[in-house]
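**Q** Before anything else, here's the structure in question.
The values are calculated or read from the model by the stated rules, or taken from the named source; none is laboratory data. Here the structure is a predicted model, which means the values were calculated and not measured. As a convention, Cβ positions derive from the backbone with ideal geometry for all residues, glycine included, and neighbour counts pool all protein chains shown. Please note that ligands, DNA and RNA were not included when accessible areas were found on the heavy atoms of the full protein model with its side chains. Shrake-Rupley method; radii C 1.70, N 1.55, O 1.52, S 1.80 Å.
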Amino acid sequence: MRSRVDEVIEFILAAIESGRFAIDGRLPAEDELAQQAGASRLTVREAVKILAAQRVLNPVHGRGTFVNPIGVWLSIEALVRVNQGSPVDVLLQLVEVRGYIEIGAAEHFARVATDEQLARLRAHLDEMVAAHDATDVPAMVAADLAFHQLILDGCDNPFIAATMQPLSRALVAARRETSAIPQMRDHAIDEHRAVLEALERRDPRAARKAMRSHMRQTADDTRTYFGRAGDEASIA
C-alpha cells in the first residue's frame, strides 16, 4: 500500500510528465503545492526531500524548488515515468543497462553455481516452457524474473542485486508486453536454455556469450515487434 508521501511523489512526477511542472521550472510554493496535492505541508516536504536526493528536484535556499534536467536524475523509476523518448527507446536503454550487469553476472555465476542452484534454474526454465504452452503470460514473466534473479543472487555480491532491483521493477511492465508475443516467448526460451546449458557446463566464457546473445535477442525483438526494426543492437 502506498504512503501519502508516495502519492505526493507520484503527483509531482505526473505533473512533470504532463508539463504542468516544467523542466528547469520552479515548483509552486510549499503551501500551494500541498493544496494541489491534497496533502499536508509535512508530507510535501518529505516528498520533495526524497526527490531532491534522487536529483529530480533542486531546492535552492531563498528561491524555491526547481525541476532538474532529466539527464541528472538518479531514480530509474522517475526516469521511466517521465521520459523524453518513445517507450521503445526507453525499453531498449533499459535492456542495454541490463546487459552491462547481467552478462558479467552470468560469467561469474558459472564459476560459483551449486548443483542445487542449477537445478532451480532448470525448474524455472521448465516453468517458462509450461507457461508458454499454456499462453500464461503472468506465469511466464514470473519464471523469467526468477531465473535472472537466481543468477544475480547467486553471485554472492549484494551490490549486484541491489543495483538491479530498481531496474528489474521498471522492466516488469515491459516484460508483460513482450511476453504477450508468442514469437518473443519462443526466442526467450531458446536464449534462456542456452544460458542454462553454458552454466551447467561451468563455462564462464560460454555463459557470458549466451547472456550477451539473450540481451541482443531481446533488443532485436523489441525493435522488430514494437516498431524499431532495422536499428543495430547496442548490447556490449
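**Q** Using θ = phi - 60° and the Karplus form 6.51 cos²θ - 1.76 cosθ + 1.60, what ³J(HN,Hα) does each residue of segment 125-135 get, whole Hz, x for Gly and Pro?
**A** Ordered by residue, 3J(HN,Hα) equals 5, 4, 5, 4, 4, 5, 5, 4, 4, 8, 6 Hz.
**Q** Can you tell me the FRET efficiency between Val112 and Leu145 if r is taken as the Cβ-Cβ distance and R0 is 30 Å, rounded to the nearest 0.05? Could the numbers behind the result be given before it?
**A** Numbers: r = 21 Å, r/R0 = 0.70.
In this case the efficiency is close to 0.90.
**Q** Something else about it: Whose amide H sits under 5 Å from the amide H of Val56, counting only residues 5 or more places off or on another chain, with H placed in the peptide plane?
**A** It is Leu74, by chain and number.
**Q** In deg cm²/dmol and to the nearest 500, what is the mean residue ellipticity at 222 nm of the chain if only DSSP H runs of at least 4 residues count, each as -39500 (n - 2.57), divided by the residue total? Write out the running numbers ahead of the final one.
**A** Details: 10 runs with 168 residues, N = 236.
About -24000 deg cm²/dmol.
**Q** Each residue of segment 144-161 in order: what ³J(HN,Hα) in whole Hz does its phi give by Karplus 6.51 cos²θ - 1.76 cosθ + 1.60, θ = phi - 60°, with x for Gly and Pro?
**A** Each residue of segment 144-161 in turn: 4, 4, 5, 4, 5, 5, 5, 5, 4, 5, x, 6, 6, 10, x, 6, 5, 5 Hz.
**Q** Considering amide H positions built from the backbone, and no H for Pro or chain starts, which residues 5 or more places from Thr65, or on another chain, come under 5 Å of its amide H?
**A** Result for Thr65 returns Leu27, Val60.
**Q** Still on this structure, I have one more. Tally Lys and Arg at +1 and Asp and Glu at -1 over the other residues with C-beta under 14 Å from the C-beta of Val44: what net charge comes out?
**A** Around Val44, the charge tally is -3.
**Q** Computed from these coordinates, which is Cα Rg over 2.2 N^0.38 Å: [x] 1.07; [y] 0.97; [z] 1.18?
**A** [z]
**Q** Can I ask one more? Summarise the accessible area of segment 135-236 (1.4 Å probe, protein heavy atoms) by the percent that is carbon and sulfur.
**A** After summing per-atom areas, the C and S share lands at 50 percent.
**Q** For Asp203, what is the net charge nearby, where nearby means another residue's Cβ is under 12 Å from its Cβ and Lys, Arg count +1, Asp, Glu -1?
**A** +3
**Q** Another question, then. Can you pull the percent of segment 1-124's accessible area that's carbon plus sulfur, 1.4 Å probe, other chains left in place?
**A** On segment 1-124, the fraction of accessible area on carbon and sulfur atoms equals 53 percent.
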